[in-house]
Every structure is written in structure tokens, then in C-alpha cells.
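Participant: Next up is a structure, given as C-alpha cells.
What follows draws every value from the coordinates through simple rules; no lab data is involved. Keep in mind that what you see is a predicted model, and the values were worked out from it rather than measured. Note that each Cβ is placed from the backbone with ideal geometry, even for glycine, and that neighbours are counted across all protein chains shown.
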Amino acid sequence: MPMPNSDHIKVKVWRGDAGGGSFAEFEVPQQPAQTVLDVVTWIQRHADSTLSYRFACRVGMCGSCAMMVNGIPRWTCRTHVNKVVQDNRLTVEPLRNLPVIKDLACDMSEFFDKWKRAEGQFSGTNTRAQAVAAISPAEPARRAANAAIECINCAICYAACDVVSWNPGYLGPAALNRAWSLQNDSRDRRHGERLRAISADGGCLSCHSQQGCASYCPNELNPTASIAGLKKMAASAFFRSR
Amino acid sequence: MKAHRRQPLYLAFLLHRLSGLGLALFLPLHFYVLGRALAGEAAFDEALSWTEGPLVKLAEFGLVFLLAVHFFGGLRLLALENMPWSNQHKNYAALAVAIAFFIACGFLLRAV
């Protein structure tokens, strides 16, 4: 383990629960190649063991450690302190747009409920007794799905989206991006139901294309592009029905 | 401005909204001046002569900028929602501002 150097980072961490809270300040020793998650973990292990936060894989795969870092939603396990520290200070808060359970841990229920509302579950027609569907990687629909498929459900896009904060009924970038990948899946049999779900109030037509989701997505996905694709699908379904 | 909003396409969104609001606020004045024509030629000419002042010309420069930036920003959004996806939207938003500024400057040069 590398020896801590004499430099310390001043870290403001939001403490509280759904009823409210305030910032607590900590001085954390700086380490080489230190991530924001390392900083939060140091605080919990060495300064205040009652600090609550959420993480699992620590390698950017599980999507559970997202927090607001200096006002921007980030995956803390893959965010190096030296990339985001300002005047030797860090401010760490729970994700925007989600209710807080305690300290840095948010209640993700509404985020995943919206995936369900957007018909985010795959509904295939084949059984396991049938052959695997043959889908060419070059197919346009497969390529469109491919561009949207690497979502890790971290809710960073959801926290970055102002439309979510203005309209709590809005499905949000992640759920709509998921719907887009399924609308481009030729094996799925619920395209019509899903299109109705994502065209309803609070669906894709509520997006203002501010592209905060695309700016901060740690996997460099572009939910705005997916939502624009859904808008085109919704518009063409509307004109076909006339 | 909150940190997560400090990105070019949020600023483009803000500019589009504020320019639309500015144009909406201008409309009553526009209709009032046009409405003076109902009171006769002299009243309308009097209202028009008021627009010859340098401060009004400068305000018109702002107005032309708002109109142009709202128009080209709106074209960008129409393209975003109706044409194949492009990753160039930051450039398009900057281009909309540049063209609007160019048109507004052209208007000001003709006015002076």
C-alpha cells in the first residue's frame, strides 16, 4: 500500500436523510491514483464509520457508486481525484433527482420503476427449445441497439437531466434509452405496447435535448440520440395511423 | 449556474428559451406600433419616426439577433428530431449563434 503523503484534500460530504441534512467536512490524505470512491471509503473507515454510501464492483461495471462530485454526477470508482479536485477541495453529494435514504445512498426505486413503465423488459417469442435467432451485426436495427446497449443503470443521466427535476413523471434518459434498444430488437414482440408507453405523457416527447445525459454518461452512450430515434418512431406511427 | 448545466448544449437550450421569451415580450410593442396605423397615417408615421433613434436601432440589433438565433436554433432542433442522428450538435449550435450574430451585425451596419 502506498504511503500517504503530507497533502490532504478538504472534502465536504452531505450527511442526512430524506428529512434533510447538511455538509460535514473532512480532511483526507491524498494518495497516488486515488479515486473519489477511495476518498469516501477512507472517511468511512478512518473518520466516521456511520457514513452510508453504496458501491460494489469498484471497476465501473455495476453502476452502484454514482454520486454528485463538485456538482456533476460521476461514477466515483472510476473518477480520479486529480481530475476533479478544485483548489484541493471536493464536494460529494447524493445523486440529484432521487430521494435520499441516508447520506450518499439514494433510493433507486423510482428509477427502476420507470424502466418498467417504459416496457424495459425483453419479451421474446421463442422458447429455449428453438434455435438462437440469427441477427447480422451489420443490420441497421442491430447497430442502433448496439449503440445503446452498454448501460450500467448508474442513474448518472437521470441525475444530470433537468427535465426529470422539472417533471417527476418523466421516464428519464436511461429508461428511454433501454426502450430504444428493445425497439430495435427484432426478437422482441412488444414493440407496439412499448411505443404507446414511451409516447404517453412523460415519455420521449418530453425531452428537451439538452444532452446533459450524453455529456456525463460514463460509458459514453448518447440517450438523447436514442430518444430522438424514439421521437421519430412515435411521429411515423402517428402519421401511419391517420 | 449549477455545475452540471455548464455544457454547450444546455447553453443552447437556454438561449433558445430566452430568445423565444424575448420575442414574445416584443410582440405586444410590435402590434401596438402596427395598430397606430388604424389611427391614421400621421399617427403611424409618428410611431415610425420614434424607431429612428439610435437607442432603438441598437435594441433592434438585439431583436434581430434574438429572431435569427431562435430561427436557426429551431432549425437545429428540427434536424435533431427529424433527421438521422449527428454528433455535430455542439458545432451546429455554435454555427446558429455565429450566423445570427452575422445577420444582426449586417442589420446594424445598414441601420447606421
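Participant: Report the trypsin sites (Lys or Arg not before Pro) located in region A:87-186 that are in a DSSP loop and have at most 16 other Cβ atoms inside 10 Å of their Cβ, or state none.
Facilitator: Working: sites: A:89, A:96, A:102, A:114, A:116, A:117, A:128, A:142, A:143, A:178; in loops: A:96, A:128.
Passing sites in region A:87-186 are A:128.
Participant: Based solely on its DSSP helices, what 222 nm [θ] is calculated for the protein assembly as shown when runs of n ≥ 4 H residues each add -39,500 (n - 2.57) and the sum is averaged over all residues, nearest 500 deg cm²/dmol?
Facilitator: Computed mean residue ellipticity for the protein assembly as shown: -15500 deg cm²/dmol.
Participant: Once the other residues with Cβ under 11 Å from the Cβ of residue A:221 are scored (Lys, Arg +1; Asp, Glu -1), what is the net sum?
Facilitator: Working: positive: A:178; negative: A:150, A:220.
Once positives and negatives cancel, what remains is -1.
Participant: Same structure, new question: Among rounded, prolate and oblate, which fits region A:1-61 when a ≥ b ≥ c are the square roots of the eigenvalues of its C-alpha gyration tensor, a/c under 1.5 means rounded, and a/b larger than b/c means prolate?
Facilitator: oblate
Participant: Okay, moving on. Once you place label points 7 Å from the Cα toward the Cβ at residue A:88 and residue A:189, how far apart are they in nm?
Facilitator: 6.5
Participant: Count the net charge of all other residues whose Cβ sits under 10 Å from the Cβ of residue A:10, scoring Lys and Arg as +1 and Asp and Glu as -1.
Facilitator: Neighbour charge sum, excluding residue A:10 itself: -1.
Participant: Full extension from residue A:220 to residue A:49: what is 0.36 nm times the residue separation minus their Cα-Cα distance, to one decimal in nm? Display every interim value, and only then the final one.
Facilitator: Working: separation 171, 0.36 × 171 = 61.56 nm, distance 3.41 nm.
Result: 58.2 nm gained on full extension.
Participant: I would also like to ask the following. Take the Cβ-Cβ distance between residue A:107 and residue B:98 as r, set R0 to 56 Å, and report the resulting FRET efficiency rounded to the nearest 0.05.
Facilitator: 0.80
Participant: If you don't mind, another one. What is the sum of charges around residue A:37, taking Lys and Arg as +1, Asp and Glu as -1, for the other residues whose C-beta is under 11 Å from the C-beta of residue A:37? Walk me through the intermediate numbers first.
Facilitator: Numbers: positive: A:54, A:58, A:74, A:78; negative: A:38.
So the environment of residue A:37 carries a net charge of +3.
Participant: Quick one: grab the alpha carbon gyration tensor of the protein assembly as shown, order the square roots of its eigenvalues as a ≥ b ≥ c, and give me rounded if a/c is under 1.5, else prolate or oblate depending on whether a/b is larger than b/c.
Facilitator: oblate
Participant: Jot down the radius of gyration and Dmax of region B:55-112, Cα atoms only, both in angstrom.
Facilitator: 13.4, 44
Participant: Considering only A:30, A:210, A:130, give the residue with the highest GNM mean-square fluctuation for chain A, with springs between Cα atoms whenever their separation is below 10 Å.
Facilitator: Greatest mean-square fluctuation among the candidates belongs to A:130.
Participant: Additional query: Counting Lys and Arg as +1 and Asp and Glu as -1, each charge on the Cβ, what is the dipole of chain A about the Cα centre in debye, to the nearest 20?
Facilitator: Here chain A has a charge dipole of around 940 debye.
Participant: Moving on. For the pair residue A:17/residue B:27, report the inter-label distance in nm, with labels modelled 7 Å from Cα in the Cβ direction.
Facilitator: Rounded to a tenth, the inter-label distance reads 5.0 nm.
Participant: Test of understanding: ordering B:27, B:14, B:77 by Cβ neighbours within 10 Å, fewest first, what list do you get?
Facilitator: B:27, B:14, B:77
Participant: Quick one: if you stick a label point 7 Å off each Cα along the C-beta vector at residue A:122 and residue B:44, how many nm between them?
Facilitator: 6.9
Participant: To the nearest 0.05, how large is the calculated FRET efficiency for residue A:78 and residue B:51 if R₀ is 56 Å and r is the Cβ-Cβ distance?
Facilitator: Result of the calculation: an efficiency of 0.45.
Participant: Over all alpha-carbon pairs in region A:109-241, figure out the percentage whose distance exceeds 19 Å. Write out the running numbers ahead of the final one.
Facilitator: On the way: 4136 of 8778 pairs.
Within region A:109-241, distances greater than 19 Å cover 47 percent of Cα pairs.
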